[in-house]
Amino acid sequence: MSEMIDQEIAAQCSELQEDEISVLESIYPSLMTVHPNPDNKPGRLLTLNLPIALPAPIGTKLDSFAGPSATLELSHLPPLSLRLVLPAAYPSQEAAKPVFLRASLPNGSASGEKNNGAGNWLPRNVLRAITDKLGQYWAEEKEACGEGVGVIWKWWEWVGTGEFLSELVMIKDNTLELTVPPMITPSTFYTMLKTYNAGQIHSDFERTAFSCSICLENRKGKSCIQMPSCGCVFCTPCLSSCWSLAITEGSLESVSCPSVSCTKTRALRDRAEVVGGVDADLVESVVGKDLRERWEDIKERRKAEIDPSYTICPRPTCQAAVPPPAQPDLTSSISTSSSSRVIRLSDITSSSPTSTTTSSNNPVPRMPAASASPVPTGAMAEDRWERYRVCPKCSFSFCLYCNATWHGPHTPCAFLQTSLIVTEYLSYPEDSEGRKKMELRRGKANIERMVAKHLEDEANKQWLEGKTRACAGCGVRVEKRCGEPIKPTDPYKHFNTPGRACYMKLFDAEELARHERETLNGGEGGGFDDEWREVRGIWEW
């Protein structure tokens, strides 16, 4: 009679085991293996592969024997491997019996393969507590229901969601604390966990279906691209068409997330903040290598348009953005002693004669004191080496102001079409942004020199038009009184040659009388300065 009851219980338990195994295979496909039983022994032998996916990313601190080594953020942990035996009386009369539980380290690959030779990433006491929890679940259910029930799915959920980490006090202050295995270094353990986590995130993305907001079709993640900044997902063909057109037309702002919400957000930002958001690897994976190179060129040129300190390499075959030179470390220069100071030629030449020590034959220049260093004024205050630029792409050395090959700090810049530069500069109001940008591009000292030369040339031209006239035949400027030409090399000889009609008549009697009258009146009216400016213009001409 007892044997008949045992057979009925075994048959009932076998049916319950088959139902539980079918449910587990439907919930966790390809994660459970039922080993064959050729000898027809009672019970079943199972191997469970338990991946751990945390509900939310959590900060993880790695502890070693030497103390805390590193921290990282994880949402996936390496899987646990459990082998257990289901007795013939499971689940009614007996609990499942674990054979072993391993937490093998991944070998660092994205597939999550195990490295069985390096030990476990969880200590033995934690693994023992996890296996004991399976028997505790079965005992609790038997006490509540009067007989045992299948609890593998419940225990699997407890492990797979990472709930055991909190119950075993491995999470403290919202931080997961893991101990570095003794057989590997902390850096290796860090790399293994980070690589496995990234691989699982990528695998989850490829298995998930997403709706593309451009074509409105559902596609698997392996055919989609996710924006790293906002998380929006688009299918690769749609995003490739969108970015290819933007790069071809030179629209750098459009090489970003094309969703409506992100486009509105970018429209409210500054132009300098819009540039960016995607990296070169992502652009190349979407549009290819050729368009990626064009996108990088456009991006470099945009830096020069936004930042006045940047410029474009003047070589037609390069056209790369050239950044400003690195600023010197002022703190280190202040802390250096006076003995390490560099003596410049300007310091030696500008020092007074009393600052030199005259020995018997060889005068030795003294280094000027730091407190008595002269303060430069005007154009001399400009550091002439600030205009020196080197292209990081082609190593071409050139001048920032004139875009010519570097001519040294003491040679003035030679500008082409100076009149156009001066006309554009004078067209802007004083202290305007237009003038400040031109001073940055061309140099304030160069702009002032060109403007002064332009005004001087205009004054000389007005004097020539008022005092001389052009010959109708050859166009040479001739004096109005006598009609003879004035030599540009020696214009005063025309007025100093005795016997000529213009002898001693550089100024008219009316002009001299006005000059005497203004001198007697204390120089009121400012006419003397104007006439003297004309005389100086004649002298320089």
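Quick check, is LEU239 part of a helix (DSSP H, G or I), farther than 25 Å from GLU73 by Cβ and touching a strand residue (DSSP E or B) at 6+ places or on another chain (Cβ under 7 Å)? Spelling it out, LEU239 is indeed part of a helix (DSSP H, G or I), farther than 25 Å from GLU73 by Cβ and touching a strand residue (DSSP E or B) at 6+ places or on another chain (Cβ under 7 Å).
The residues in region 23-47 that are within 20 Å of GLU94 (Cα to Cα) and of a type in the set (Ser, Thr, Tyr) can be counted, and the count is 1.
When we screen GLY231, GLY221 for residues that are within 22 Å of PRO55 (Cα to Cα) and surrounded by fewer than 16 Cβ atoms within 10 Å (Cβ to Cβ), the only hit is GLY231.
Going by the structure shown, is ASP307 within 36 Å of the chain's Cα centre (by Cα), open to solvent by 70 Å² or more (accessible area, probe 1.4 Å) and either modelled with pLDDT under 55 or more than 18 Å from GLY250 (Cα to Cα) (or both)? So that I can check it myself, show each step before the final result.
Working: within 36 Å of the chain's Cα centre (by Cα): yes; open to solvent by 70 Å² or more (accessible area, probe 1.4 Å): no; either modelled with pLDDT under 55 or more than 18 Å from GLY250 (Cα to Cα) (or both): yes.
The answer is no for ASP307.
Having 1 or more residues that are over 20 Å from ARG44 (Cα atoms), modelled with pLDDT of 85 or more and open to solvent by less than 40 Å² (accessible area, probe 1.4 Å) is the bar; report the strands (runs of 3 or more DSSP E) wholly within region 69-146 that clear it.
Working: elements: 97-102, 104-106, 114-120.
Ranges flagged: 104-106.
I want to confirm something. Restricting to region 502-524 and keeping residues that are among the hydrophobic types (A, V, I, L, M, F, W, C) and at pLDDT 70 or above, which single residue is most open to solvent (accessible area, probe 1.4 Å)? Spell out how you get there, then give the answer.
Filtering region 502-524 down to residues among the hydrophobic types (A, V, I, L, M, F, W, C) leaves 502, 504, 506-507, 509, 512-513, 520.
With the extra rule that they be at pLDDT 70 or above, the set shrinks to 502, 504, 513, 520.
Details: CYS502: 1, MET504: 131, ALA513: 47, LEU520: 151 Å².
Across region 502-524, the extreme among qualifying residues is LEU520.
Kindly indicate whether any position in region 24-36 is surrounded by fewer than 17 Cβ atoms within 10 Å (Cβ to Cβ) and more than 30 Å from LEU165 (Cβ to Cβ). Yes, there is a match, as at least one residue in region 24-36 is surrounded by fewer than 17 Cβ atoms within 10 Å (Cβ to Cβ) and more than 30 Å from LEU165 (Cβ to Cβ). Among the conditions (1) among the aliphatic types (A, V, I, L, M); (2) without any contact (Cβ under 8 Å) to a residue 60 or more places away in the chain; (3) farther than 21 Å from LYS61 by Cα, ILE152 misses just one, which is (2). Only one entry of ILE152, ILE171 meets the criterion of being farther than 30 Å from CYS13 by Cβ and either in the same structural domain as ILE58 (by the TED database) or modelled with pLDDT of 90 or more (or both), and that entry is ILE171.
Residues of region 412-430 that are under 35 Å from the mean Cα position of the chain (by Cα) and part of a helix (DSSP H, G or I): ILE421, GLU424, TYR425.
Taking region 184-227 as the range and being under 28 Å from LEU80 (Cα atoms) and among the aliphatic types (A, V, I, L, M) as the test, the residues that pass are ILE184, MET192, LEU193, ALA198, ILE201, ALA209.
Restricting to region 383-411, count the residues that are assigned to a loop (DSSP other than H, G, I, E, B), open to solvent by 60 Å² or more (accessible area, probe 1.4 Å) and without any contact (Cβ under 8 Å) to a residue 24 or more places away in the chain.
Step one: list which residues in region 383-411 are assigned to a loop (DSSP other than H, G, I, E, B), which gives 383, 391-396, 400-404, 406-411.
Applying the additional criterion that residues be open to solvent by 60 Å² or more (accessible area, probe 1.4 Å) yields 383, 392-393, 395, 403, 410-411.
Among the residues that remain, those that are also without any contact (Cβ under 8 Å) to a residue 24 or more places away in the chain are: 383, 395, 411.
The number of residues fulfilling the criteria is 3.
Among the residues of region 435-445, are any free of Cβ contacts under 8 Å to residues at least 24 places away in the same chain and open to solvent by 80 Å² or more (accessible area, probe 1.4 Å)? Looking through region 435-445, at least one residue is free of Cβ contacts under 8 Å to residues at least 24 places away in the same chain and open to solvent by 80 Å² or more (accessible area, probe 1.4 Å).
The values are calculated or read from the model by the stated rules, or taken from the named source; none is laboratory data. Here the structure is a predicted model, which is why all the values come from computation and not from measurement. Glycine gets a Cβ as well: all are built from the backbone with ideal geometry, and neighbour counts include every protein chain shown. Heavy atoms of the whole protein, side chains included, go into the accessibility calculation; ligands, DNA and RNA do not. Shrake-Rupley method; radii C 1.70, N 1.55, O 1.52, S 1.80 Å.
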